[in-house]
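Take a look at the structure below.
The values are calculated or read from the model by the stated rules, or taken from the named source; none is laboratory data. No experiment lies behind these values; they were computed from the predicted model shown. Here the Cβ is made from the backbone with ideal geometry for all residues, glycine too, and neighbour counts use every protein chain on show. Areas reflect the complete protein model, heavy atoms only, side chains present, ligands, DNA and RNA absent. Shrake-Rupley method; radii C 1.70, N 1.55, O 1.52, S 1.80 Å.
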Amino acid sequence: IPLAPGELVLVCVRVYDSPNPLRPLATDAFVLEGPQVLVPRVVLHDVRFTEPLDLAAGEVAVQVGTAADDCGAEWRSEDRVTAGRLSIRPLAEFSCPGLAAPLDGRGTRTLQIATRRLHEGRWLSSSYSFNIPRRDCSTMECGRVLYWEEYAVPMPPTQQVLCGRPFWDSSPCNPPGDGVVLVNVLYDLVGSGQYGAADYLGSSDRPETGPIGGYPVVRLLGGQTAPTFSLTAVPAQLSIVADRSLTLESLRLSGLEVPSGTDPACLAFPDTVVASAPATEFAATVTICAGVLYEVWATVVDTDGTRTEVSTGAISVFATSNDLVARVEVLGGDAPAFGWFYEQMVLVESGLPYAGGWTGPAAPDQPRCRSLDTTVGEFRWRGLVMLGSTVDVRMSLNITSAGDSECPLTSRGAPGLVELSGSFTLEQLFSGAPLVLTTPADTPLQLRITLTGSWQLGELNIQT
């Protein structure tokens with residue numbers, strides 16, 4: 001049975017002990033799964049231009065992959081582009097099973113992305129290709145999702161111009177209308193085994209030991225999230241399979257892993273009424289919150305009228321960011337002009353930044369003796385996963401010495417340890433408004449943290 005990467009199929013096999021086709025001996029049930037491969041998933045999250053443009057809805061288009069790559073249809077912008085930027089909500093995602101790669105890192109995969117935009121009544125087009133990095137799961141840990149490369153794919157400019165710069169000048173050349181489409185490439189680990197797998201569910205001729213004829217087996221087969229602008233009410237479309245013909249009455253969610261600070265409403269969703277006809281495969285949509293692991297319980301009725309509630313597995317979805325920036329401003333206060341930055345720490349969701357540093361005036365020959373009025377720090381995160389329904393931010397800055405023009409070995413006016421912490425809700429993250437934390441007014445040294453960056457809804461995680 002040919003199976004696409006990640007595809008699951010329920011197969012019921014009738015077994016006969018005589019030539020009579022009307023009297024099968026038994027029915028055996030299996031779930032077949034395709035071979036384990038890495039499938040690229042391209043996430044389109046931002047369009048940026050180097051100069052402000054005003055483009056109507058539908059005037060920006062992106063095509064990911066070729067027809068053989070099977071990445072899906074072309075994406076068209078549904079919102080107006082202003083101020084040179086379009087943050088795409090909900091995100092456009094393209095899964096490319098035609099580019100599936102084995103786990104041993106063999107073979108090269110080339111991804112093509114074509115971009116178009118409308119300018120003065122005509123379409124400007126460009127196309128770029130790049131090799132997808134090899135992933136060898138025999139030498140590295142491969143989870144269900146591998147994060148992640150980010151690429152800036154050039155948009156077609158209004159005019160093709162030459163920079164006229166010497167070859168050693170690497171500064172960017174931005175012709176009129178120049179811009180980029182920002183995409184993330186993730187790798188979904190799907191399937192099972194080198195050649196696939198068959199998961200035995202049971203047989204009807206062994207009611208005492210096999211599931212069929214005894215206790216019903218109901219499992220989550222797959223699922224995905226539907227587009228949404230709320231991370232506290234995420235529609236999750238589920239595919240469910242049973243080992244026999246059953247009526248699925250309803251689905252109930254219970255919290256398995258609930259982070260502290262989770263909104264109580266995330267644990268109070270009403271049961272989802274399905275009321276299906278007797279079948280072995282079902283489709284249903286439940287509502288969940290990002291950051292919470294839910295167990296999915298199904299109430300089913302057997303052909304003899306027996307009603308049973310069984311666990312089908314667990315689901316979760318998380319908000320992620322690949323371009324989060326924390327801007328930290330030191331704003332002075334009841335402190336000298338300069339201070340010795342002995343140690344500092346900036347954490348988002350308990351994660352340290354991968355890059356960052358301070359800029360601003362420093363005392364001569366004392367690079368760590370910085371201005372306590374105008375110093376600014378920028379710190380960056382990528383591959384950040386939000387746990388729970390809030391993003392927690394924490395910063396500490398230890399100023400051990402201070403002075404009006406330099407930092408002496410000892411001083412009494414140093415602010416010492418200054419700390420700032422706070423949280424932002426899911427609604428605040430997706431509102432687009434600045435996310436700002438400031439120290440209380442009576443703090444000797446005033447700090448301000450501003451978070452910027454885009455957040456995306458990750459894939460639906462299923463555990464069985």
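Per-structure values
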| quantity | calculated |
| --- | --- |
| Qualifying strands (runs of 3 or more DSSP E) (wholly inside the stretch 379-464; at least 2 residues being at pLDDT 85 or above and open to solvent by 50 Å² or more (accessible area, probe 1.4 Å)) | 390-403, 416-425, 435-438, 445-452 |
| Restricting the stretch 254-274 to residues that are β-branched (Val, Ile, Thr) and assigned to a loop (DSSP other than H, G, I, E, B), the residue that is farthest from the chain's Cα centre (by Cα) | Val274 |
| Output for the stretch 237-286, where each listed residue is touching a helix residue (DSSP H, G or I) at 6+ places or on another chain (Cβ under 9 Å) and not charged (D, E, K, R) | Leu253, Ser254, Gly255, Val258 |
| Some residue of the stretch 244-251 being surrounded by fewer than 16 Cβ atoms within 10 Å (Cβ to Cβ), at pLDDT below 90 and under 23 Å from Leu10 (Cα atoms) | yes |
| Every residue from the stretch 421-434 that is closer than 12 Å to Asp392 by Cα and in contact with a Phe, Trp or Tyr (Cβ under 7 Å, 6 or more places away or on another chain) | Leu429 |
| Breaking point among (1) without any contact (Cβ under 8 Å) to a residue 60 or more places away in the chain; (2) in a loop (DSSP other than H, G, I, E, B); (3) surrounded by 17 or more Cβ atoms within 10 Å (Cβ to Cβ), for Ala67 | (3) |
| Residue in the stretch 342-351 that is surrounded by 18 or more Cβ atoms within 10 Å (Cβ to Cβ), touching a Pro at 6+ places or on another chain (Cβ under 7 Å), among the β-branched types (Val, Ile, Thr) and modelled with pLDDT of 85 or more present | yes |
| Any chance Glu74 is at pLDDT 85 or above, within 23 Å of the chain's Cα centre (by Cα) and open to solvent by 50 Å² or more (accessible area, probe 1.4 Å) | yes |
| Filter result (within 20 Å of Ser203 (Cα to Cα) and outside any strand (DSSP E or B)) within the stretch 20-49 | Asn20, Pro21, Leu22, Arg23, Pro24, Leu25 |
| The stretch 280-339, subset at pLDDT 90 or above, within 26 Å of Gly261 (Cα to Cα) and of a type in the set (Phe, Trp, Tyr), residue surrounded by the most Cβ atoms within 10 Å (Cβ to Cβ) | Tyr294 |
| Condition check for Tyr147: modelled with pLDDT of 85 or more, aromatic (Phe, Trp, Tyr) and surrounded by 12 or more Cβ atoms within 10 Å (Cβ to Cβ) | no |
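Residue-by-condition table, conditions (1) modelled with pLDDT of 85 or more; (2) open to solvent by 60 Å² or more (accessible area, probe 1.4 Å):
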residue: Val62; (1), (2): yes, no
residue: Ala100; (1), (2): no, no
residue: Ser127; (1), (2): yes, yes
residue: Pro133; (1), (2): no, no
residue: Asp136; (1), (2): no, no
